[in-house]
Amino acid sequence: DQQVKQNSPSLSVQEGRISILNCDYTNSMFDYFLWYKKYPAEGPTFLISISSIKDKNEDGRFTVFLNKSAKHLSLHIVPSQPGDSAVYFCAASMEGNQFYFGTGTSLTVIP
Amino acid sequence: KAGVTQTPRYLIKTRGQQVTLSCSPISGHRSVSWYQQTPGQGLQFLFEYFSETQRNKGNFPGRFSGRQFSNSRSEMNVSTLELGDSALYLCASSPTRDGHNEQFFGPGTRLTVL
């Protein structure tokens with residue numbers, strides 16, 4: 001039972017444009033959400049997070065939006081750079097360190 | 001600080017064998033979690049250890065087990081290997097276990113079962 005879903009397996013964006021990655025979840029008990037980036041042959045690295053008491057968190061070129069009523073999370077990257085090309089995973093937790101991950105979206109930024 | 005280390009990086013086994021994977025967390029981190037990553041399935045949570053005790057367990061058969069030592073290092077064991085166990089196994093450490101902190105991942109162990 002996939003409680004966190006990323007319905008777009010891949011996304012291609014031109015350099016300098018905005019990348020929007022989406023994530024949906026089913027469990028309303030989740031109260032903390034994260035995005036990770038993964039390059040081949042490496043483990044995921046943390047990108048940005050958001051608590052359920054907020055609806056937006058920004059860190060440089062990365063912004064995460066949370067819509068609790070829609071159970072929807074999105075990551076905006078502006079402007080996109082070729083080095084952003086990677087697989088992006090969203091994750092959610094409720095309590096304790098049991099995180100539920102989506103299946104990932106492979107982002108390609110075209111120079 | 002040194003990152004999370006996992007050994008071995010690659011492993012080839014045959015069906016029916018057993019395997020032990022090792023993870024050393026970041027110094028000071030007491031929470032260690034294990035994940036299985038397969039194509040199309042994302043990261044599936046296996047279990048989490050904190051202070052040598054298993055705190056959470058995912059939906060995996062009993063063939064998957066683990067333990068944590070007093071120095072927070074952790075091992076994961078898979079017995080009676082099946083072809084479907086071929087995957088990237090990732091270990092992650094965290095300074096707390098409240099679920100409100102990022103996890104730091106190791107590079108993973110790529111297990112191939114023939």
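Of the set (1) on the phi > 0 side of the Ramachandran plot; (2) surrounded by 15 or more Cβ atoms within 10 Å (Cβ to Cβ), all apply to residue B:92 but (1). Per this entry, residue A:99 is counted among residues that are crowded, with 17+ Cβ neighbours inside 10 Å and either within 14 Å of chain B (Cβ to nearest Cβ) or on the phi > 0 side of the Ramachandran plot (or both). Filtered by the rule that a residue be assigned to a loop (DSSP other than H, G, I, E, B) and either within 10 Å of another protein chain (Cβ to nearest Cβ) or of a type in the set (Val, Ile, Thr) (or both), segment A:1-38 gives A:1, A:2, A:6, A:9, A:18, A:26, A:30, A:31. Tallying residues that are more than 8 Å from chain B (Cβ to nearest Cβ), within 14 Å of residue A:10 (Cβ to Cβ) and open to solvent by less than 10 Å² (accessible area, probe 1.4 Å) within segment A:87-96 yields 1.
Give segment B:30-70 a look and list any residue that's assigned to a loop (DSSP other than H, G, I, E, B) and either within 10 Å of another protein chain (Cβ to nearest Cβ) or crowded, with 21+ Cβ neighbours inside 10 Å (or both), or say none.
So in segment B:30-70, the residues assigned to a loop (DSSP other than H, G, I, E, B) come out as B:30, B:39-41, B:51-52, B:58-63, B:69-70.
Hits for segment B:30-70 are B:39, B:40, B:41, B:58, B:59.
Within segment B:7-22, one or more residues are farther than 23 Å from residue B:96 by Cα and within 13 Å of chain A (Cβ to nearest Cβ). Contact annotation: residue pairs with Cβ atoms under 8 Å, 6 or more positions apart or on different chains, pairing a residue in segment A:51-72 that is of a type in the set (Gly, Ala, Ser) with a partner that is open to solvent by 60 Å² or more (accessible area, probe 1.4 Å), are A:51/B:100; A:52/A:68. Just a yes or no: is a residue in segment B:81-92 away from chain A (no Cβ under 12 Å) and polar (S, T, N, Q)? The answer is yes; a qualifying residue exists. Just so you know, in segment A:39-84 the residues that are closer than 23 Å to residue B:36 by Cα and in a loop (DSSP other than H, G, I, E, B) include one that is most open to solvent (accessible area, probe 1.4 Å), and it is A:40.
The values are calculated or read from the model by the stated rules, or taken from the named source; none is laboratory data. Nothing here was measured: the structure is a model prediction, and the numbers come from that model. Every residue, glycine as well, gets a Cβ built from its backbone with ideal geometry; the counts of neighbours run over all protein chains shown. Side chains included, ligands, DNA and RNA excluded: accessible areas come from the protein's heavy atoms. Shrake-Rupley method; radii C 1.70, N 1.55, O 1.52, S 1.80 Å.
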